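One structure is given here, and the rest of the page talks about it.
No lab work stands behind these numbers, since they all come straight from the coordinates. Keep in mind it's a predicted model, so treat the numbers as computed, not measured. Quick reminder, even Gly has a Cβ in these numbers, built from the backbone with ideal geometry, and neighbours come from all protein chains shown.
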């Protein structure tokens, strides 16, 4: 059983459970640090984007003394100070551990120049979107929703629009076949041999990743990023470091990242697939051949129809919500994500939501999914990560203008409970319990609806990887063969 867990891919459901456990580890780390500092306990789920800005600042301070291109504050110094962050390093490490356990990195997966440029642009769009929205998809979907955030709810509505729009645009561009949750060599090679060209688009027996200049560029940037990140993990120059935050806090935040990254890498779990699947499932039931003609892989159509990413997303959300709301109701631990301006709904958040959705789809991965994909060795993510660094620049170079835009607040309250029941904590807590139960009900519905759509047993949806489901349950094929897509040797 242990060997199977370590060496085989997981279902989205169990990946979501794993990420929910990571959230709990992180919140406990926050409790311990708050208690040590004499501050009130607050349930704050994992966040990464602000810390990533500090890590980009760390690159220029470590390598160039902080005055990149002769600028007094460098490229990032106007908005960020040097930082490192355990969850980010942990997620990268978690992906690497999966590659080692499965004895398969994803360096073999070949991406066309068009797709690599799409990833670069996607990284830029997504990264800039995090600045406008005040957080990435992790913040709003996996953190804000279980905490009943008004801002996160609105951001997600705009994310769905941006994500689905980019999904169809990528299909129009001829790169829709690359939109897959995960690449596993056994499945992709088999798909190629069976002439399922969209599913096998990344497989080329003649491809040598060590001769790919795109990959070398991405690896060089990753080294520039990781060396100072590891250095500042142990340096007092960083706010979050062993000297400043202690071994226990830094160790637990790193562990949270490892657990979350490992779970994601075991399934391809991410937020962008969940958003698109929620919208595309009904479209596929009505006209799947349309998606096949667009070049969307059969396995992607399967996970959309089966609502598999949505199940993983909701599993993580429910676990996070039960823990955070339970701590609030039973022990008086305040809910997090209630900082002035940052967690209040503003105009910038709506535009940011559109960019987050579009960028995540173009990247073939949201921010947290990109970290585990770095650990797995995906070339397109290595290139997309360069786009992450570039996407912060409009914000950092015009920092004051962006801050002024963010301060145009539309709703003062942080949660729906506060908006509906002002000054009534008991009613807010009752609403929080109902909210969490509703999310649990949505999870049950997604599991049952997915099983019905795929015509399989519920236990199979819960416990089988998408690859296993795609190969068919009890010998019955799940989906039809897609139309051919351009090969690497074509003019495209």
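Dividing the alpha-carbon Rg of the chain by 2.2 N^0.38 Å yields what?
Values: Rg = 21.6 Å, N = 492, 2.2 N^0.38 = 23.2 Å.
Computed over Cα atoms of the chain, the ratio equals 0.93.
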Worksheet, complete the sentence: Here the relative contact order (percent) of region 403-478, from C-alpha pairs under 8 Å and at least 6 apart, is 14
Worksheet item: What's the center-to-center distance, using Cα atoms, between region 265-290 and region 362-385 in Å?
Response: 19
Practice prompt. Mind sorting 363, 97 by how few other Cβ atoms lie within 10 Å of their own Cβ, fewest first?
Written response: 97, 363
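Sort 179, 388 so the one with the fewest other Cβ atoms within 10 Å of its own Cβ comes first.
Values: 179 23, 388 27.
By the 10 Å Cβ count, ascending: 179, 388.
When 232, 76 are ordered from fewest to most other Cβ atoms inside 10 Å of their Cβ, what list results?
Details: 232 25, 76 28.
Ascending Cβ contact count within 10 Å gives the list 232, 76.
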Worksheet entry | Calculated log₁₀ intensity ratio I(q)/I(0) where the Debye formula runs over C-alpha points of region 248-374, q = 0.13 Å⁻¹ | -0.73
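Going by a ≥ b ≥ c, the root eigenvalues of the Cα gyration tensor, does region 73-139 fall in the rounded group (a/c under 1.5), the prolate group (a/b larger than b/c) or the oblate group? Walk me through the intermediate numbers first.
Values: a/c = 2.25, a/b = 1.37, b/c = 1.64.
Oblate.
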Worksheet, complete the sentence: Under the rule rounded for a/c under 1.5, else prolate if a/b exceeds b/c, else oblate, using alpha carbon gyration tensor axes a ≥ b ≥ c, region 30-119 is classed as oblate
Discussion item. Can you show me the helix-derived [θ] at 222 nm for the chain, built from DSSP H runs with n ≥ 4 at -39,500 (n - 2.57) apiece and divided by the number of residues, rounded to the nearest 500.
Written reply: -20500 deg cm²/dmol
Worksheet, complete the sentence: Rounded to the nearest Å, the spacing of the alpha-carbon centers of region 228-242 and region 158-209 is 38
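By per-residue mean of other Cβ atoms within 10 Å, what is the highest-first order of 298-305, 238-245?
Numbers: 298-305: 25.6, 238-245: 18.1.
Per-residue mean Cβ counts within 10 Å order the peptides as 298-305, 238-245.
Relative contact order of region 1-71, please, whole-number percent, based on alpha carbon pairs below 8 angstrom and at least 6 residues apart.
Working: 25 pairs, mean separation 12.8, N = 71.
Once normalised by length, the contact order is 18 percent.
Give the relative contact order (percent, whole number) for the chain; include only Cα pairs under 8 Å separated by 6+ residues. Before the final figure, lay out each step's value.
Details: 987 pairs, mean separation 157.1, N = 492.
Over the chain, the number comes to 32 percent.
Ordered by packing density, taken as the mean number of other Cβ atoms within 10 Å over each peptide's residues, highest first, how do 127-136, 398-407, 190-199, 31-40 rank?
Details: 127-136: 27.5, 398-407: 13.8, 190-199: 18.7, 31-40: 12.2.
Highest-to-lowest ranking by the protection proxy: 127-136, 190-199, 398-407, 31-40.
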